[in-house]
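Read through the structure below, which is laid out as structure tokens, and then see the notes.
Only the coordinates and a few stated rules stand behind these numbers; no lab work does. Quick caveat: nothing in here was measured; it's all calculated off a predicted structure. All Cβ positions, even for glycine, are placed from backbone atoms using ideal geometry, and neighbour counts span all protein chains on display.
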Amino acid sequence: MLFTIFSFQRCRSYAVAPHSDYSTYYSPDKTKALPSFAVYNLNDSVSRLYFSVKSTDLLYERSNISNQLTSHILVSFILHPVGESKTVSDSGHVVLNDVNESGLIKQLAGSLDFDVPTKGNYYLELTLRDLNKMTISYDLIMLDHSGPDARNNFIATAPQSETPLFRNYVGQNETFSVRYNNPITTRFYVKYFKNKSEAARPPYSFPVTTAIPAPDSIWSVDLSSSDTLRLDAEGSYVFSTSASATTGYVVNRFPSGYPKITTPVALLEPLRYITTKKEYFTLESSSKRKFAVDSFWLATGGSQDRARELISAFYGRVEIANMHFSSSKEGWKNDRGMVYIIYGEPQNVYRSWNSETWVYGQDQSGNMLTFVFNRKITAFAENEFELERNQVYNISWITAVDYWKQGQVYRAK
């Protein structure tokens, strides 16, 4: 895939963002562009917004002037201090035009700088408009601008590149670089935490409170922006400028093939959401896990065609959960991942800086189901959301799981 970088002079504008539905971002529907965003603090007063979008997500049309196939998108942002949604600290937009006569699949990327008035925590409301297709995609990301170990003082990039990875994890044998916004600082401390995370508990059961773990190991490393790294062991790696720092930049190393489902273990583990403890133990204990998992789906579906349909739907949701909900643990293990896998994509998603609300069904139908997830910012991740659990979900969960076990793809409506 060709990677094309665009540089811009941003246009400053101030506006209040509309009430936005973010459900498209979690949808496999490709009618709207699915952009990626990342933020990096250049210094104490200026940050940089990076964005990326696939050319295949955009509509290319011939213009009357040049008769070339051209896409036109508008990227806009509004910066708010955390907890002050009516206060606009900065805002602006850029327009990207791309000519693609060759038909190559390209990753279009660009960046724009903006002002951050004081130290603290902020969030960005982001909009990407495909001006040819007349569609809008929304996103909301946090900005940590609180001090020397603020997570956005760091950024992970491709080796010897300024292009961000646009994700909080790296793959097996993948090399990358870590940049820090103060070039004078070259000594960093790395705290390593083994991947000991468990899958989310059902939405009607209350979570188990766990203590903040101590790092399994800690070491120092001298890094420049041109150095490359590779993470051999699975787990979370926290980069900071001092051994005593309580915050920092986190890079995760998840199982082989992530976010795709490519190994027998990856096929097995999400099944704990739709199996009993006894059923799961039987599958886990098998010396031929791939055969055991295939046999489970064949027995559940009753035929090869139905089994293939179930496998495609179930693991398709697992992969989407991995892509969007990865935090200190794999996306499918998080509360949002659990709900997404079992219930399907929500009809509506509403976001604020500290929560997400997922809505299934229509209000007037009497069957509306709502899940509220609250942001939990930890030393490991900013993408961690906890479900407000309630016994009211008991019946809907049992119903959904029963659909799966009867060989039917469950879609809450």
Original post:
At 222 nm, what helix-only mean residue ellipticity would the chain give, in deg cm²/dmol to the nearest 500, using -39500 (n - 2.57) for each DSSP H run of four or more?
Top reply: -5000 deg cm²/dmol
**OP:** Rounding to the nearest 20 debye, state how big the charge dipole of the chain is about its Cα centre with +1 on each Lys and Arg Cβ and -1 on each Asp and Glu Cβ.
**Re:** 740 debye
Original post:
What percent does the relative contact order of the chain come to when contacts are Cα pairs within less than 8 Å and at least six residues apart?
Top reply: 14 percent
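Trypsin sites (Lys or Arg not before Pro) within region 267-302: which are DSSP loop residues with at most 15 other Cβ atoms inside 10 Å?
Lys288
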Subject >> Linear extension gain, Lys290 paired with Thr118, 0.36 nm per residue minus alpha-carbon span >> reply: 56.5 nm
Original post:
With respect to the cross-link table entries Lys288/Lys413; Lys86/Lys133; Lys54/Lys405; Lys54/Lys191; Lys119/Lys376, which display a Cα-Cα separation exceeding 32 Å?
Top reply: Lys288/Lys413; Lys54/Lys405; Lys54/Lys191
Original post:
With the dipole of the chain worked out from charges on the C-beta (+1 for Lys and Arg, -1 for Asp and Glu) around the Cα centre, which of Trp404, Asn181, Leu124 lies farthest toward the positive end?
Top reply: Trp404
Original post:
Which Cα, out of Asn168, Leu140, Ser85, lies furthest along the positive dipole direction of the chain (beta carbon charges, K/R +1, D/E -1)?
Top reply: Asn168
Original post:
If you build a Gaussian network model of the chain, linking Cα atoms that sit under 10 Å apart, which residue out of Leu124, Leu79, Leu104 swings the most?
Top reply: Leu104
**OP:** Lys and Arg at +1, Asp and Glu at -1: add these up for the other residues within a Cβ distance under 14 Å of Lys278 and post the number.
**Re:** +1
Subject >> Order by protection proxy (mean Cβ within 10 Å, highest first), peptides 163-170, 201-208, 318-325 >> reply: 318-325, 163-170, 201-208
Original post:
Extension gain Lys54-Ile218, at 0.36 nm per residue separation less the Cα-Cα distance, in nm?
Top reply: 55.2 nm
Subject >> Cα-centre dipole for region 264-405 with unit charges at Cβ (Lys and Arg positive, Asp and Glu negative), debye to 20 >> reply: 400 debye
Subject >> Reach of Lys260 by Cα under 12 Å, taken over aspartates and glutamates that are not fewer than 8 positions away in the same chain >> reply: Glu319, Glu330
